[in-house]
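The values are calculated or read from the model by the stated rules, or taken from the named source; none is laboratory data. Source: prediction; values computed, not measured. Glycine also receives a Cβ, built like all others from the backbone with ideal geometry; neighbour counts cover every protein chain displayed. Note: accessible area is taken over every heavy atom of the protein model, side chains too, but ligands, DNA and RNA are not part of it. Shrake-Rupley method; radii C 1.70, N 1.55, O 1.52, S 1.80 Å.
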Amino acid sequence: MKMEKNMPAVSSITEIPHGMRIRMEGLLNLDITSFAKGDLNFTLSRLLGYESDDRGFELTEAPEETALFAGEGEVTLETGGFTLRAGKERFGITVEREGRILLSMGEDSLSYEKDEKAGEAFGYSGFLTASFCISPLETIWGLGGKNTSFVKNFRTLKDVYPVFFSDRGYALLCDHREGVSFSISDPKPGVIVIKVPGERLSFHLVSGKDIEETISDMKELTGKAPLPDVCSLNPWLFADPMTVCDSDTIDPLHKEGFKLCVNAGPFVRQDDVLFEEGLAGGFFAKRSDGHGIIQEEGLPGAPALIDITDDEAVSWYAGKIKELCDRGVDGLSSYYPEIFNALMPKLSEKADGGLSVSLFSAGPEPDMPSVIYRTVSDGAGFSDMAQSLRSGLSMIFGGVSYFCHEIPFDPQDHDSEAMKRWIQYGCFSTYFGIRVFENMSGGDFFFGDEAEVFKKFSGIRNMLMPYIFEQVRKTHETGMPVVRPMAMAFPEDPACTHLDLQYMLGDSILVAPVFERGGKCRFYLPAGKWKNLLDDEILEGAGFFEREYDDLHMAAFVRENTLLPVGGTADRPDYDYTKGLTLHYFLPVIGKGIVTEIPDGTGNTVMSFKGFFGGERAEVRMLSPTGMGKVPVTVHHLDGTEENGYTL
């Protein structure tokens, strides 16, 4: 491999719309522009006439005003809250925001590696690389749900979800759908290297005044998650279409409170009953070498891809999907979310009566906020559950709004103790489901007292739905996810940096699932007072704790000064949250008020309340609507006593 590297000499720096262009001696050019609020776009290019197949992501461009100043030895670019300084003669860049250095690049940060073999195989002649320095104390999270560690330092990752967050107050999105690799202090410590095939490398540096603004700016760039149908918060069953073909299977699932999601491509497995029909009709994409159709040998059943360029093939496929939905299928899952998401409007148009389903995927894409991403596990043991959580938290730090953890169910290799803990973890999540490989009803998943665990915790989940759906609405409005890594929820607490087996469910509930036999659980509580929602234990952080929980309990702690709404319905998530509502005022803090809002199923606020503790008596007032009847209130005091009353 021939490498053109270490070309630090700067030929010129010129102003371009919304930014500047740095030309190096040789062929490398670096454009740095304001792309949107809180976002600097870096685009490294070599052959400017090269047309790449990688079109990048669909991002929302809204550049801010920029100002360019030429000084002695450097040029300064100011835009938004960013100050960027670039060397005039020798290449070097620093990016600051509010006095914090976010990114620095040195003389050897840009390079091109020529690879003739890759050029023959893939149509490009080599790889572009961009690198920048990080502090020895800097921590990197994100890069999708691959089966790696939660913290991504000292790792090289390829073909991953190309978004990461740093504890130094920025996020980075690499604008390439495939082929990108990240080397984070590996092998060279203190350096992040991004490598992309072709003649263009583009990434976005996103930073706000705090992590919430950084997340909001990232979501403005990639798109915010739509508000989901509250019914989609039921537990899910994931299956292949041919295992759930009849109403004898689907109807009992719905009666037991499950939603049904099937793997739907856009492909058809060769062991599916539709394969021969699609093959005979010529509805599958053809191989370029003329030897039949394209089949993905690496996926179960070697599925054949639908030819989405053929209108007749799309109509045929839309009809089959519509048949599944008419039978009661509630969701579709795809290994190709980009293709399937783009295909959905066409499918809805072709399917008489349209399609209204939830879309799941095991392959995240940053600019597809409507997709719910699955953390697919190979097994159903404790270690698999732990990795499922790590993967999900990595997805969240990779810019995903919602993830759905799924439990692989194999009746021939069933671990009842682990299953109970999976259920607990699932019920304290946004989405969860069970993946099956044969025809069965919902009740077949649970053996012995597992059904009792599911009944209790799904009941708790549904009664917490006024709180959970309010957090979902906040995700829709601000981008802040419901399930939050501890490092995201408490960025100023260094003890949270590496915590990957617990999380916050919204603003107020800390969840630490059980990952060991015998019910042993280790967890960390940040500073403040916390009360366990299930056994009423009150603990004070900051500190690590160890407890043992039976099958009907776990670590689910409500933080101090929380006004938690609890609904009156335990058997489903979609109900009128104002009916049977009770407010629980946990561990009031003197002089610190708290407001909570109650949404309806469309996300509109229908009730709001404010709690306040002056030191003698805690009170809760109804702010809206006026003239309503009083709502029951339970105040949970620090000494363990409870006080019952009503709103004022």
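Below is a table of values for the structure above.
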{"item": "Output for segment 225-244, where each listed residue is crowded, with 18+ Cβ neighbours inside 10 Å, part of a loop (DSSP other than H, G, I, E, B) and at pLDDT 85 or above", "result": "Ala225, Pro228, Asn234, Pro235"}
{"item": "Selection count where residues are over 34 Å from the mean Cα position of the chain (by Cα) and either among the charged types (D, E, K, R) or open to solvent by 70 Å² or more (accessible area, probe 1.4 Å) (or both), scope segment 85-106", "result": "3"}
{"item": "Index of the failed condition, Asp54 passing every other in (1) at pLDDT 85 or above; (2) surrounded by 14 or more Cβ atoms within 10 Å (Cβ to Cβ)", "result": "(1)"}
{"item": "Flag if Ser247 is surrounded by 15 or more Cβ atoms within 10 Å (Cβ to Cβ), small (Gly, Ala, Ser) and either at pLDDT below 85 or within 21 Å of Cys404 (Cα to Cα) (or both)", "result": "no"}
{"item": "Whichever residue in segment 193-203 is out of contact with any Phe, Trp or Tyr (no Cβ under 6 Å at 6 or more places or on another chain) and of a type outside the set (Val, Ile, Thr) and, among such residues, is modelled with the lowest pLDDT", "result": "Arg200"}
{"item": "Residue identified as open to solvent by 20 Å² or more (accessible area, probe 1.4 Å), closer than 26 Å to Pro197 by Cβ, part of a strand (DSSP E or B) and of a type outside the set (S, T, N, Q) among Phe69, Phe42, Phe35", "result": "Phe35"}
{"item": "Selection within segment 150-164 - modelled with pLDDT under 90, open to solvent by 20 Å² or more (accessible area, probe 1.4 Å) and at negative phi", "result": "Lys158"}
{"item": "Segment 624-647: number of residues that are aliphatic (A, V, I, L, M) and open to solvent by 90 Å² or more (accessible area, probe 1.4 Å)", "result": "2"}
{"item": "Residue match in segment 179-192 (condition: modelled with pLDDT under 95, part of a loop (DSSP other than H, G, I, E, B) and in contact with a helix residue (DSSP H, G or I) (Cβ under 8 Å, 6 or more places away or on another chain))", "result": "no"}
{"item": "Segments classed as strands (runs of 3 or more DSSP E), wholly inside segment 502-592, with at least 3 members that are surrounded by fewer than 16 Cβ atoms within 10 Å (Cβ to Cβ) and modelled with pLDDT of 95 or more", "result": "520-532, 538-548"}
{"item": "Residue tally, condition assigned to a strand (DSSP E or B) and either free of Cβ contacts under 8 Å to residues at least 12 places away in the same chain or closer than 17 Å to Thr14 by Cα (or both), over segment 84-100", "result": "7"}
{"item": "Selection within segment 77-109 - of a type in the set (Asp, Glu) and more than 17 Å from Gly190 (Cα to Cα)", "result": "Glu78, Glu89, Glu96, Glu98"}
{"item": "Looking only at segment 604-648, and only at residues there that are touching a residue at least 60 places away in the same chain (Cβ under 8 Å) and not hydrophobic (A, V, I, L, M, F, W, C), the one that is nearest to His584 (Cα to Cα)", "result": "His636"}
{"item": "In segment 593-603, the residues that are open to solvent by 40 Å² or more (accessible area, probe 1.4 Å), within 30 Å of Glu256 (Cβ to Cβ) and not β-branched (Val, Ile, Thr)", "result": "Asp600, Gly601"}
{"item": "Members of segment 446-496 that are out of contact with any Pro (no Cβ under 6 Å at 6 or more places or on another chain), among the hydroxyl-bearing types (Ser, Thr, Tyr) and under 26 Å from Leu552 (Cβ atoms)", "result": "Ser458"}
{"item": "Single match in Gly282, Gly278, Gly298, Gly292 (criterion: surrounded by 14 or more Cβ atoms within 10 Å (Cβ to Cβ), of a type outside the set (Ser, Thr, Tyr) and out of contact with any Gly (no Cβ under 7 Å at 6 or more places or on another chain))", "result": "Gly278"}
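The rows are residues; the columns are (1) over 26 Å from Ser149 (Cβ atoms); (2) modelled with pLDDT under 80; (3) within 16 Å of the chain's Cα centre (by Cα).
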| position | (1), (2), (3) |
| --- | --- |
| Asn341 | yes, yes, no |
| Ser348 | yes, yes, no |
| Gly381 | no, no, no |
| Phe403 | no, no, yes |
| Asp410 | yes, yes, no |
